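What follows is one structure encoded as structure tokens, with my remarks underneath.
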Amino acid sequence: MGEPLRVLVVGAGYLASHVAHQLRAAGHQPTLSSRRRPATPETADLPWSPLDVGDAAQVRTRIAELRPDAAVVVHGPSDITWCEEHPDEAADAHAGGAAHLAAALDGRRALLISTDNVFSGHKDSCAESEPPEPANAYGRAKLAAEDRFLATGAALVLRVSLVYGWDPAGLRPNFLTTCVQRMRAGLPVPVPADHWNSPVLVDDVAAWTAALLGTDHTGVLHLGGPRRLTRLAWAQHLATACDADPALIRPVPRTESAYACRPRNACLHSERAGALRELTGLDPVDVLSASSRLITTGGTSP
């Protein structure tokens, strides 16, 4: 590891807290930042500072106060359906916030965690060289944020596929957590058979972020899990791992589900990760084996 860095983590949700913990484990000094103080258990022992990225003056003031060596940007809104209904607000938060942060950081290192929604979903999977064609308002807002950071020449954009983990205390629990909670409660789980993902474990995203932040790599990098599967196939695996009634899993068309505005294929693969794996020593874990382990470890708390 290089010199310890003071890192401003812009965001305070599930992924941001995992990134901050991984940064601290690597010897860095992370500070979470968000408009409101986070209340989840994962953030209780992490430094926090108020920050509204939509307020350019506040961004300049906060960065002058905290004097970060680098920033990891992983703030919301990330509810894709909400963004589709509020495209201007989504653009202000992501693209506008990126412009304010990039200006205030003034050439310091930044790592933006972005999304598979910058692609249309027409291809089974997309690599870094695939031209972006956003599927929705969230994808458009994130792509604009990417452009703001990449223009500085000091940024790395890490596009991630569907992030999962065990998050029972979260405001919007991820797909794995939601499925397991509903099945354990005996509730039906409607999931599409025509929505493909390459899910990546939250711990892997955090580990790659911490490993890459201290490097001089810039540009775009994709991080998806090694398995491409539908949400239906994943939910069926979770039902088996939970010993739940498989009849609780209800196949529905993507266009009639909560994922209607997502790209049909939301899968990522990388043309760059091979060389970077030699640098980081990291490989994303398989979603099925990781899901089983999350469910069985600790009994009722995966």
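The values are calculated or read from the model by the stated rules, or taken from the named source; none is laboratory data. The shown structure was predicted, so the numbers you read here are calculated from the model rather than taken from an experiment. FYI the Cβ positions are ideal-geometry reconstructions off the backbone, even for glycines, and counts take in every protein chain you see.
Selection of the range 131-176 for residues being in a loop (DSSP other than H, G, I, E, B), more than 13 Å from the chain's Cα centre (by Cα), of a type outside the set (Asp, Glu) and within 14 Å of Pro199 (Cβ to Cβ) yields only Trp166.
When the range 196-208 is examined, which residues are found to be closer than 14 Å to Trp234 by Cα and either of a type in the set (Gly, Ala, Ser) or at pLDDT below 95 (or both)? Give the derivation first.
Let us first name the residues in the range 196-208 that are closer than 14 Å to Trp234 by Cα, namely 196-201.
Within the range 196-208, Ser198 is the sole residue that qualifies.
Looking across the range 1-58 at every residue that is modelled with pLDDT under 95 and among the acidic types (Asp, Glu), the one that is nearest to Asn174 (Cα to Cα) is identified as Glu42. Tell me whether the range 250-266 contains one or more residues that are part of a helix (DSSP H, G or I), farther than 21 Å from Ser120 by Cβ and not hydrophobic (A, V, I, L, M, F, W, C). The answer is no, given that none of the residues of the range 250-266 is part of a helix (DSSP H, G or I), farther than 21 Å from Ser120 by Cβ and not hydrophobic (A, V, I, L, M, F, W, C). Tell me, please, whether a residue that is surrounded by fewer than 18 Cβ atoms within 10 Å (Cβ to Cβ) and in a strand (DSSP E or B) can be found in the range 26-39. Within the range 26-39, one or more residues are surrounded by fewer than 18 Cβ atoms within 10 Å (Cβ to Cβ) and in a strand (DSSP E or B). Filtering the range 200-222 for residues that are surrounded by fewer than 21 Cβ atoms within 10 Å (Cβ to Cβ), more than 17 Å from the chain's Cα centre (by Cα) and not in a loop (DSSP other than H, G, I, E, B) leaves a non-empty set. Evaluated against (1) touching an Asp or Glu at 6+ places or on another chain (Cβ under 8 Å); (2) assigned to a loop (DSSP other than H, G, I, E, B), Ala244 falls short on exactly one condition, (1). Cβ-Cβ contacts under 6 Å between residues 6 or more apart (or on different chains), taken from a first residue in the range 246-271 that is closer than 20 Å to Leu223 by Cβ and in contact (Cβ under 8 Å) with a residue 12 or more places away in the chain to a second residue that is of a type in the set (Asp, Glu) and not in a loop (DSSP other than H, G, I, E, B), are listed as Ala266/Asp116; Leu268/Asp116.
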